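The values are calculated or read from the model by the stated rules, or taken from the named source; none is laboratory data. It should be emphasised that the depicted structure is a prediction, and the values quoted were computed from it without experimental measurement. Glycine also receives a Cβ, built like all others from the backbone with ideal geometry; neighbour counts cover every protein chain displayed.
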Amino acid sequence: MKKTSFHILRVGLAITFLWIGVLIFKQPEAWEGYLQPWAAGLLPIPIAQAMTGTAILDIAIGAFLLFDFLPWLAALVGAIHIVIVLTVIGITDITVRNIAILAAAIAIMADSLPKAFTDKIMSWQKTEDQKNQDQPLEV
């Protein structure tokens, strides 16, 4: 069973994604100003539609996290999404908040990876450790 701290972090991050998603969905034009002009120029669709899509993504991430359904996948998508957000909005007054959200998403992802995946990572580490032990020390 996962620790209480994991669930507190998961629910808090879920609420954050849900809340931001609802706010963007209600007023997508209010969020357009955060987008750097170079990033807006790359969009193949109007910014308002991109913001609506972002709202839907945020709400989906929040729902997955809230209901503890594939939390590692939701956190991975959330982390990638926040990296993109940090890239396209640049350094602003909300950058610190986004870094905290990114750190929380990475923590949830790392703590909730499927056992088969973590076992595979551990076997790679053991193989690497064995290789390092077999090499003679240089003096």
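Tabulated data for the structure shown
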item	result
Any hit, segment 77-89, residues being surrounded by 13 or more Cβ atoms within 10 Å (Cβ to Cβ), hydroxyl-bearing (Ser, Thr, Tyr) and modelled with pLDDT under 95	no
Subset tally (residues that are aliphatic (A, V, I, L, M) and over 17 Å from Ile15 (Cβ atoms)) for segment 57-76	3
All positions within segment 18-39 that are loosely packed, with under 15 Cβ neighbours inside 10 Å and either small (Gly, Ala, Ser) or not in a helix (DSSP H, G or I) (or both)	Gln27, Ala30, Gly33, Gln36
Residue satisfying condition, being hydrophobic (A, V, I, L, M, F, W, C) and in contact with a Lys or Arg (Cβ under 9 Å, 6 or more places away or on another chain), within set Ala79, Ala75	Ala75
Options Thr127, Thr92, Thr52; residue that is under 20 Å from Pro28 (Cβ atoms), hydroxyl-bearing (Ser, Thr, Tyr) and not in a loop (DSSP other than H, G, I, E, B)	Thr52
Some residue of segment 41-49 being within 16 Å of the chain's Cα centre (by Cα) and either within 23 Å of Ile15 (Cβ to Cβ) or surrounded by fewer than 18 Cβ atoms within 10 Å (Cβ to Cβ) (or both)	no
Long-range neighbours under 7 Å by Cβ, at least six apart or interchain, first residue among the small types (Gly, Ala, Ser) within segment 35-54, second part of a loop (DSSP other than H, G, I, E, B)	Ala50/Leu43
Pair list, Cβ under 7 Å, 6 or more apart: segment 6-33 residue over 24 Å from Gly90 (Cβ atoms), other residue in a helix (DSSP H, G or I) and at pLDDT below 95	Phe6/Asp111
